[in-house]
Amino acid sequence: MVSTDASTDLPLTLSTRRDQAVRAAVGQGLVGPAAPVAGLLDVAGIRASAASLRAAFDAVAAPGTEVLHAFAVKATPLVPVLRLLHEAGIGAEVASPGELALARAAGVPPARTVLDSPAKTPAELREALALGIAVNADNPQELARLDALVASAPTRSPIGVRVNPQIGAGSIGALSTATATSKFGVALRDEGAREWVVRAYLDRPWLTRLHTHSGSQGVPLELMAEGVRAAYELAEEINRAAGRQQIDTLDIGGGLPVNFASDEETPSYAAYARLLAASVPGLFDGRYGLVTEFGRSLLAKHGTTLALVEYAKQSGGRPIAVTHAGVQVATRTVYAPGSWPLRIAAYDAKGHPKTGPAVAQDVAGPACFAGDLLAEDRALPLLEAGDHAAALDTGAYYFAQHYSYNSLARPGVYGFTADADGGVRFATVRAPQTVEEIVAESGGDLRGALLDL
Ligand SMILES: *Cc1c(COP(=O)(O)O)cnc(C)c1O
């Protein structure tokens, strides 16, 4: 009997689909001597996550509530992924001209796009307002720019202000956006800030949204809900002061953490939506439209980084597998291994799961510095030259965000579907970068540029 994935009702479990895809990727040469590392994306898993996000909020929101789930493009900035999500009913949250261009290339309409970012230029703001894209102002100076733009030309853009509820940090400081001194948004608990925000809305009838995003991986759900509650209470205060429902939409950000320790997809969107409904019931009573901005939780568990083991050696008694996946595809893990441990799965030369006694070994990358390790002292079946190592849960903020250390090539990315007969179909999402492209992108056409100065 074919095992099923209870959380998604898909005919195969996440790990079965992954194993089939690895086997097929090795068999078809997507990963091999010519292309020693690649990213694999599980299309059925992405679709299932998109569906569970929508269902979770539909289950707690009053009928008819407008909910826009805008995928945080930075998590997986790949046009076919944005297109797949768009078809699955998910919009885009963008934070740079590049991300906006990707969302537009994917066909995400302006009405389903939200522009955040702490450093929007006047040109970016003007373009967003001309297109009718929702904009969240980060600070008073940006609001002053918007004042001028709104006065100079009509816009369909819904506009809001991002506030920082200053509820504190999670376990990863670099991803905690709601600390007392965070660089994001208007710090709500600073002296006079709350009064300033209320006044800003009363003075600008076109401010109709309020935005907060309290953090990403490492922020507990309860703390996220506290941040959302703070934004909700501020919206209620503003609407009372305005004597009308001036703020009609609350943007509650993203940040659902991902379980990097097993294949279990926890916490679920449903659990978070239920927690929000319990702690901020007014959010869902139909008076407010909602925007969410999840990134990592939609994609992380659907990506696998698959790399060839080039050599297997010993150093100081420690076995070391030298693979082609390191800092260029797993930057956070390599630089901050304590915060970003990844599971590694061992596959043999044919792409079958490797068995055998677990041996503590290092799984190293190809880059030229000692710390380029995907995993240190990790107990796994002993990896040998020609085997494959897979870094799991890397669909968000990993291979999609190439770091060009040592001019290592951006790997190819392939979406796959796996069927119950063991068949796997692949589609190229991003072709592998060629050496010629590396030269061209590194000033290859400008060889003599420094000689004439
Ligand atoms: C990064 C970011 C997100 C997405 O966070 P995840 O942890 O990937 O869900 C959402 N909103 C804003 C403003 C962000 O900066």
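Table for the structure above
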quantity: Inter-residue pairs, beta-carbon under 7 Å, first closer than 26 Å to residue 246 by Cα and in the range 161-183, second among the acidic types (Asp, Glu) and more than 11 Å from the ligand (Cβ to nearest atom), 6+ apart; calculated: 167/226
quantity: Every pair of residues 6+ apart whose Cβ atoms lie under 8 Å, when the first sits in the range 404-428 and is over 19 Å from residue 391 (Cα atoms) while the second is at pLDDT below 95 and open to solvent by 50 Å² or more (accessible area, probe 1.4 Å); calculated: 419/11; 420/2; 420/11
quantity: Unique residue being in contact (Cβ under 8 Å) with a residue 60 or more places away in the chain, under 30 Å from residue 238 (Cβ atoms) and over 19 Å from the mean Cα position of the chain (by Cα) when the list is 308, 276; calculated: 276
quantity: Count - residues of the range 288-305 that are of a type outside the set (Gly, Ala, Ser), in a strand (DSSP E or B) and within 16 Å of the ligand (Cβ to nearest atom); calculated: 3
quantity: Residue in the range 212-242 that is surrounded by the most Cβ atoms within 10 Å (Cβ to Cβ), counting only those that are in contact with a strand residue (DSSP E or B) (Cβ under 7 Å, 6 or more places away or on another chain) and touching a residue at least 60 places away in the same chain (Cβ under 8 Å); calculated: 231
quantity: Strands (runs of 3 or more DSSP E) wholly inside the range 387-444 containing at least 2 residues that are more than 30 Å from residue 355 (Cα to Cα); calculated: 424-430
quantity: Any hit, the range 176-191, residues being closer than 20 Å to residue 119 by Cβ, in contact with a strand residue (DSSP E or B) (Cβ under 6 Å, 6 or more places away or on another chain), more than 16 Å from the ligand (Cβ to nearest atom) and open to solvent by less than 60 Å² (accessible area, probe 1.4 Å); calculated: no
quantity: Qualifying positions in the range 245-269 - within 16 Å of the ligand (Cβ to nearest atom) and of a type in the set (Gly, Ala, Ser); calculated: 253, 254, 255, 268
quantity: Positions within the range 388-410 being out of contact with any Lys or Arg (no Cβ under 8 Å at 6 or more places or on another chain) and under 19 Å from residue 34 (Cα atoms), in sequence order; calculated: 388, 389, 399, 406, 407, 408, 409
quantity: Filter result for residue 253 (modelled with pLDDT of 95 or more and open to solvent by 10 Å² or more (accessible area, probe 1.4 Å)); calculated: no
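Per-residue answers, yes or no, for (1) surrounded by 15 or more Cβ atoms within 10 Å (Cβ to Cβ); (2) free of Cβ contacts under 8 Å to residues at least 60 places away in the same chain; (3) within 27 Å of the chain's Cα centre (by Cα):
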| position | (1), (2), (3) |
| --- | --- |
| 316 | no, yes, no |
| 323 | yes, no, yes |
| 328 | yes, no, yes |
| 355 | no, yes, no |
| 363 | yes, yes, yes |
| 367 | yes, yes, yes |
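The values are calculated or read from the model by the stated rules, or taken from the named source; none is laboratory data. None of these values were measured; they are calculated from a predicted model. Cβ: placed from backbone, ideal geometry, glycine included. Neighbour counts: every protein chain shown. Remember, those area values only see protein heavy atoms, side chains included, never the ligands or the DNA or RNA. Shrake-Rupley method; radii C 1.70, N 1.55, O 1.52, S 1.80 Å.
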